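The values are calculated or read from the model by the stated rules, or taken from the named source; none is laboratory data. Owing to the predicted nature of the structure, the values given are computational and were not obtained by experimental measurement. Here the Cβ is made from the backbone with ideal geometry for all residues, glycine too, and neighbour counts use every protein chain on show.
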């Protein structure tokens, strides 16, 4: 407790008496970030909007079902065979996509 008092005294000398107290019972104001209050707001890595009909790849990237479906069709037209994740270029196909329900 003596250390607490000496800390308060030293702090008071620097910043003025009563500026700091371990006995202060006021609670700090809550920090408000720019985080949206809607917990379901994840962004699609293709259209960059909030995900509609969310789908995740084996590599962990999140997309709207219509966006990744269209992407895979464009990929199959351009590259015969190996379709790639638009973010990390890992192999991806319709069979390796998982819908997120809930």
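Taken over the range 58-71, the residue count meeting the criterion of being assigned to a loop (DSSP other than H, G, I, E, B) and either within 13 Å of residue 94 (Cα to Cα) or outside the structural domain of residue 88 (by TED's automatic domain parsing) (or both) is 1. When each of 55, 74 is tested for being surrounded by 10 or more Cβ atoms within 10 Å (Cβ to Cβ), at pLDDT below 95 and not in a loop (DSSP other than H, G, I, E, B), the lone residue that passes is 74.
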